[in-house]
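Q: The structure is given below, and queries will be raised subsequently.
The values are calculated or read from the model by the stated rules, or taken from the named source; none is laboratory data. Predicted model only: the values in this text are computed from it and were never measured. Quick reminder, even Gly has a Cβ in these numbers, built from the backbone with ideal geometry, and neighbours come from all protein chains shown.
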Amino acid sequence: VVLGLNALSELPKWMGEIEPTRALIIFDSNVGPLYASGTATALERAGWKVSGFSFRAGEQSKTLATASRAFEVLAEIKMPRDGIVVALGGGVVSDLAGFVASTWMRGIRWINCPTTMEADVDACLGGKTAVNLPAGKNLVGVFHDPTMVVVDPDCLSTLPRRDVCAGLAEAVKHALLQSNDELAWLETNAEKILTLDPLTICELIERNLRFKGRIVTDDPHETTGRRILLNFGHTIGHAIEKCAKGDLRHGECVALGMVAACHIAQRAGLIGDETVQRINALLAAFELPTRLDLSLDRGALLESILLDKKAAGGKVRLVLLQGVGAPVIRNDIAPDWIAEAFDSLT
Ligand SMILES: NC(=O)c1ccc[n+]([C@@H]2O[C@H](COP(=O)([O-])OP(=O)(O)OC[C@H]3O[C@@H](n4cnc5c(N)ncnc54)[C@H](O)[C@@H]3O)[C@@H](O)[C@H]2O)c1
Ligand SMILES: [Zn+2]
């Protein structure tokens, strides 16, 4: 992982050890006009033969149909086995581009250049690639680590504030899984983070990627149980995201999912009122929702939780907190507790 201001403009330098061949830069319709031509020019100057593939921005594009169009471009440019896919964008781009790289000719190398807060602190690392199906998010994908991750926090300067805040939900998640100290660091630096103070942002990203890096190194393919912890807020969050049909950002749904999980943990006697209030206050400071303003179909939400890929043997597996820095995995939470946690959000 390379992390630094202006890192993107020096991309070929960081890729120095990789012999220049063919590159396909994948980006979406918002990122393209901002960063694609600069990135392409830098690579071309270093001897790369570069093409681009753009798709319409948004989670709705993270589909097999978009991947299929990318495969057609790869075929057109005769992408060789030693070529490289460059993902330039947020989590949607990196999930999709990683998936495309992982399946083209049974897997070629890819480089991940995150441009959103969500991707900087979370999605860029861990090798999870995916596309969505109408039945649910991320149902099709493989683990395929990027060869290199180049994080340029300068890109956040053009990111809409709503997306900056949405990505911070994952930073709150990481802090809650880690320790009181990490949570306190976020609380103390919340203002500087929101004003995108460069040094604070670099430290934020480093803290998050070090933590995520440790977890995914311990459990690269989600088999030992360690990595399940990263699903904190996501089981309920994904259900909300699916039912909200694009009205809420991924990070906003994760924030709501964490609030619901805390409600369940409190009801189970695992955490007290004080912890819940502290978490809600930090989410609110990051302008994240702690209440659901949309009216979503409760039945559909529950159904989608049961269909979630984390539902093992008909039981919903939830990550709950026994305290800050003390996550626990539970599969004994009754569906009506989950329904009641949804109700508590409205
Ligand atoms: N693979 C993983 O480990 C992992 C982890 C977390 C999230 N994710 C996935 O990531 C996705 C969410 O990521 P996201 O929030 O980055 O979504 P996103 O990629 O859709 O980006 C959010 C919005 O910001 C725009 N954008 C991106 N960079 C910009 C910039 N620098 N300036 C201006 N606009 C910019 C995008 O076009 C989009 O409209 C979800 O699909 C989620 O499932 C994956
Ligand atoms: Zn997430």
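Q: For the subset of the range 179-197 comprising residues that are away from ligand 1 (no atom under 15 Å from the Cβ) and of a type in the set (A, V, I, L, M), which member is farthest from the chain's Cα centre (by Cα)? Walk me through how you get there before you give the answer.
A: Applying the first criterion (away from ligand 1 (no atom under 15 Å from the Cβ)) to the range 179-197 yields 179-195, 197.
Next, only the ones that are of a type in the set (A, V, I, L, M) stay: 183-184, 186, 190, 193-194.
Working: L183: 19, A184: 22, L186: 19, A190: 20, I193: 18, L194: 19 Å.
This residue is A184.
Q: So how many residues does the range 225-254 have that are within 13 Å of ligand 2 (Cβ to nearest atom) and outside any helix (DSSP H, G or I)?
A: Summing the residues that are within 13 Å of ligand 2 (Cβ to nearest atom) and outside any helix (DSSP H, G or I) in the range 225-254 gives 4.
Q: Is it true that T200 is more than 13 Å from ligand 1 (Cβ to nearest atom), of a type outside the set (A, V, I, L, M) and not in a helix (DSSP H, G or I)?
A: no
Q: Return the residues of the range 143-152 that are more than 10 Å from ligand 1 (Cβ to nearest atom) and farther than 26 Å from R69 by Cβ; say none if nothing qualifies.
A: Listed by number, the list holds a single entry, V151.
Q: Please list, ordered by first then second residue, the pairs with beta carbon atoms under 9 Å, 6 or more apart or interchain, first in the range 125-142 and among the basic types (K, R), second modelled with pLDDT of 90 or more and assigned to a strand (DSSP E or B).
A: K128/N138; K128/F143
Q: Out of (1) crowded, with 23+ Cβ neighbours inside 10 Å; (2) farther than 23 Å from L288 by Cα; (3) not basic (K, R), the odd one out for E118 is which?
A: (2)
Q: Same structure, new question: Return yes when T235 is of a type in the set (V, I, T), out of contact with any Cys (no Cβ under 9 Å at 6 or more places or on another chain), away from ligand 1 (no atom under 15 Å from the Cβ) and at pLDDT below 95 and no when it is not.
A: Answer is no for this residue.
Q: Same structure again: Of the residues that sit in the range 122-142 and are more than 9 Å from ligand 1 (Cβ to nearest atom) and hydrophobic (A, V, I, L, M, F, W, C), which one is surrounded by the fewest Cβ atoms within 10 Å (Cβ to Cβ)?
A: As a first pass, look at the range 122-142 and keep what is more than 9 Å from ligand 1 (Cβ to nearest atom): 131, 133-136, 139-140, 142.
Next, only the ones that are hydrophobic (A, V, I, L, M, F, W, C) stay: 131, 133, 135, 139-140, 142.
On the way: V131: 22, L133: 12, A135: 9, L139: 14, V140: 15, V142: 14.
The residue in question is A135.
Q: Among T235, T188, T195, which is the only one that is among the hydroxyl-bearing types (S, T, Y) and touching a strand residue (DSSP E or B) at 6+ places or on another chain (Cβ under 8 Å)?
A: The conditions single out T235.
Q: Over 24 Å from P335 (Cβ atoms), outside any helix (DSSP H, G or I) and among the acidic types (D, E): is that true of E274 in this structure?
A: no
Q: Select from the range 157-178 the residues that are exposed (fewer than 15 other Cβ atoms within 10 Å of the Cβ) and in contact (Cβ under 8 Å) with a residue 60 or more places away in the chain and write down the one among them that is farthest from ligand 1 (Cβ to nearest atom).
A: Taking the range 157-178 and keeping what is exposed (fewer than 15 other Cβ atoms within 10 Å of the Cβ), we get 157-158, 160-162.
Now restrict to residues that are in contact (Cβ under 8 Å) with a residue 60 or more places away in the chain: 158, 161-162.
Values: T158: 4, R161: 11, R162: 9 Å.
Once the filter is applied, the top-ranked residue is R161.
Q: Next question. Could you tell me how many of the residues in the range 12-41 are assigned to a helix (DSSP H, G or I), of a type outside the set (F, W, Y) and modelled with pLDDT under 95?
A: Final tally of qualifying residues: 2.
Q: At pLDDT 95 or above, touching a strand residue (DSSP E or B) at 6+ places or on another chain (Cβ under 9 Å) and within 16 Å of ligand 2 (Cβ to nearest atom): which single residue out of V151, V131 fits that description?
A: Working: V151 fails: within 16 Å of ligand 2 (Cβ to nearest atom).
Criteria check complete, one pass: V131.
Q: OK, next. Quick check on this structure: which one of L11, L64 is under 24 Å from L125 (Cα atoms) and surrounded by 21 or more Cβ atoms within 10 Å (Cβ to Cβ)?
A: None of the others qualify; the one that does is L11.
Q: In the range 78-118, how many are assigned to a helix (DSSP H, G or I), closer than 21 Å to I18 by Cβ, within 9 Å of ligand 1 (Cβ to nearest atom) and small (G, A, S)?
A: 2
Q: Could I ask something else about it? Is it the case that R227 is surrounded by fewer than 23 Cβ atoms within 10 Å (Cβ to Cβ), within 19 Å of the chain's Cα centre (by Cα) and either free of Cβ contacts under 8 Å to residues at least 24 places away in the same chain or under 17 Å from V316 (Cα atoms) (or both)?
A: Yes, satisfied.
Q: Filter the range 255-271 down to residues that are free of Cβ contacts under 8 Å to residues at least 60 places away in the same chain and not in a loop (DSSP other than H, G, I, E, B), then give me how many there are.
A: 4
Q: Given the structure, is R81 farther than 30 Å from L194 by Cβ and at pLDDT 95 or above?
A: Yes.
Q: When the residues of the range 112-151 are filtered to those that are more than 18 Å from V100 (Cα to Cα) and of a type in the set (D, E), which remaining residue is farthest from the chain's Cα centre (by Cα)? Before you say what the answer is, go through the steps one by one.
A: First, pick out the residues of the range 112-151 that are more than 18 Å from V100 (Cα to Cα): 115-118, 120-122, 134-136, 150-151.
With of a type in the set (D, E) added as a condition, the list becomes 118, 120, 122.
On the way: E118: 5, D120: 8, D122: 5 Å.
Among them, the one singled out is D120.
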